[in-house]
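Read through the structure below, which is laid out as structure tokens, and then see the notes.
Just so it is clear, none of the values below were taken in a lab; they were calculated from the coordinates. For clarity, every value in this text was computed on a predicted model and none was experimentally measured. We place every Cβ from the backbone using ideal geometry, glycine too, and count neighbours over all the protein chains shown.
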Amino acid sequence: MKSGFWFSFFTTALFFMLPTFGVAQKRQNVSMLINSLRNDANDTALLKSYKSIVDYYKDLDNDSVIYYAKQGLEVFEERGFIKGQAKMTLALADFSDTHGNATAAEEKVKKAIQLFIECNDRGGYSDAMNLYGVLWGKRGDYTRAISYFLEGLKITDSLGDKHRVMTALQNVALIYDFNRDTVKALEYYKRADSIASFMPFSENALVVYNNLGTYYLERKDTLNAFRYFRKSLEKSSGNEFTVIHVVALLNYAEVKTTYGATAEGLAYMREALELTRKHHLPEQEAVALIGLADNYIHKQPDTALAYLNRALSLVQHTGNKPKELSVYTALTKFYEFRKDYEHANYYMHKQYNLSDSLNDVRKGKEIAHLSAVYELEKSNEKVTALENLVTKIRTQKVVIISISLLMMVFVFILLYYHRKTLQLNIKLAQGKDELAAMNNMKDKLFSVLGHDLRGPIANIPVILDMIEEVPELPEEYKNLLRSLKEHTIVTTETLDNLLLLGKSVMNGVNYIPVNFNPKPNILKNIDLLKFPASKKNIEIKFTVPDDLGVHADPGHFDFIMRNLISNAIKFSFNDSKIEVTAKRNEESGNIQFSVRDYGTGISATMQQNLFKSIVTSSYGTAHEKGNGIGLKLCEEFIRLNGGEIWVESKERAGSTFYFTLPYFD
């Protein structure tokens, strides 16, 4: 290509941020919109008016966009309307990104993400994650960019929002294209184009056309590139889609100059440059300047150099690393043409260093892994639902599969063994009756375990306490009674855990999350376990701030804390201590809890399988028996509540169990 060195894929491809308020509606009379602000008492109606006004001015008047977005933010802050604050903050972040202020854009998008989480607006959260990915993509950190794009795509898939899905798909495609994974890139581009073909025309469709054109141009498929660029150029004319129209002009100019229509191509570039300066679009201005410089390098070298220096200043200010790489490439070519090898060598080193930096960040394996994780999570959501069903009918499945295999064998000799086939059908009916009887027996068995068996066992410690109070009872008998009581309590605890585990396997766990302060619950469970702790002279200390907030099922939380503290007592040495702590993890935003003891510790071998299955029996420092059922339930409850659990332990030095739960402000 004549000018291919300056128009790399990184400069002509377009990251896309869905219009901040969704699909742009037909533009209304702005005077009517502004007047409506005085009459809209309802928060939702007022937000709709501000959204339409900001959208109206988006490509017409930068000052008006800032004015009304900030005004809307102040109004919604006064009203305490979180969703409105989030939308206005995201609008300002989008504006800052479009006009090259990456620092302000990142600050605002982080704030918007927090607000969307607070008001549980999943669509808005998806938009914010998409913009955050755009910011990281422009910095050249494609691994982080695609992680945010995929998170947004996962949400939009669940919402069924086609426009948001289109946005996420093409941004993911860009990352794959940047990493030269053309197969995956084209797959995501085509998915976006397929959705666009069945949707009403929108700004989103223009970006699909532009990016597909760029994809084909990079691969020298001029026919397809020209077709998509022309669609983008024709449909973006007017004042509604300035940014995309500028990019379409530059891409169209690239095709024209590459294939000989230099004068026409330069006209498109100058038109694009004029629009970028009029609407303050620094990144697109830099691309136009590089293109013009390439065409002036022979006849007007001073003008070409001035354009390239201006372009370098613009991209360094905006922090767009891929575009900065393109400027260094152009400057190297310029000085080579001028035979100024000192400067050419200088910019070549700049080019190679930045290219190496981008390649370090752009790790194809990491990106492929993130994509695989996303696809796996989508599959796991479906698999989890199926597994719950499979667990309940496992016995039926075995019977049906066995009979089906037998029937397949007998199909080939059906004419000869018709009578035997009838007999098999009779056996099948009998098998179903037996299976139903087995299910009834299972329900009765759990009923006996839960009521007829558990009730009497739970009463035994009370009876033993009464017998122990008899004055004339010999001391050795009292010791036997105490031992019997301890074994009975352990048996009751094991039976309770078995019943709970069985219920969760067969019927699922009852999960009702709420927002609550965990400190009172922790204190309550410590009080419940003071007696067994006092028998070993163990002090239970706790450090829990008053202002923590957790989003979880309180019953599950009580079970987890009670079980972990009980285990700590069981495996602690006499005259030791147990420490219970809770704090917010600033990095993840979750609450991290810990229960630490200074007891026997856990071997490395046992740690590897601690949460994978029910562990074999183990004994505490006072020969208290444990079987791992409670710990398995803890792991299941924590996972169900959106957290994770892990352990750090060393034999004879104690153990610390950590777990996290979601935070709420």
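In region 514-661, with Lys and Arg counted as +1 and Asp and Glu as -1 at Cβ, which of these residues, Ser655, Asn641, Leu523, has the Cα nearest the positive end of the dipole, that is, farthest along it?
Ser655
How high is the relative contact order of region 514-661, in percent, with contacts defined as C-alpha pairs under 8 Å that are six or more residues apart?
Worked out over region 514-661, it gives 24 percent.
May I ask which of Lys162/Lys583; Lys51/Lys583; Lys111/Lys583; Lys184/Lys231; Lys108/Lys220; Lys108/Lys256 have a Cα-Cα span longer than 31 Å here?
From Lys162/Lys583; Lys51/Lys583; Lys111/Lys583; Lys184/Lys231; Lys108/Lys220; Lys108/Lys256, over 31 Å: Lys162/Lys583; Lys51/Lys583; Lys108/Lys220; Lys108/Lys256.
What is the fewest-to-most order of Cys119, Cys634 by other Cβ atoms lying within 10 Å of their Cβ?
Cys119, Cys634
Excluding Glu106 itself, what net charge comes from residues whose Cβ is under 13 Å from its Cβ, given Lys and Arg +1 and Asp and Glu -1?
Summing Lys and Arg as +1 and Asp and Glu as -1 gives +2.
Taking H placed 1.01 Å from N in the peptide plane, check which residues at least 5 places from Asn590 or on another chain put their amide H under 5 Å from its amide H.
Under 5 Å from the amide H of Asn590 lie the amide H atoms of Asn585, each far enough along the sequence or on another chain.
For region 201-247, what is the convex hull volume of the alpha-carbon atoms per residue, in Å³?
56 Å³
Cut-off is 10 Å between beta-carbons; in what order do Phe116, Phe201 appear when sorted fewest neighbours first?
Exposure proxy ranking, most exposed first: Phe201, Phe116.
Quote the FRET efficiency, to the nearest 0.05, computed for Met466 versus Ala653 with a Förster distance R0 of 60 Å and r equal to the Cβ-Cβ distance.
For Met466 and Ala653, the calculated efficiency is 0.90.
What whole number of Å gives the distance from the Cα centroid of region 190-227 to the Cα centroid of region 546-617?
That distance is 53 Å.
What is the magnitude of the charge dipole of region 514-661 about its Cα centre, with +1 placed on the Cβ of each Lys and Arg, -1 on the Cβ of each Asp and Glu, and no other charges, expressed in debye to the nearest 20?
440 debye
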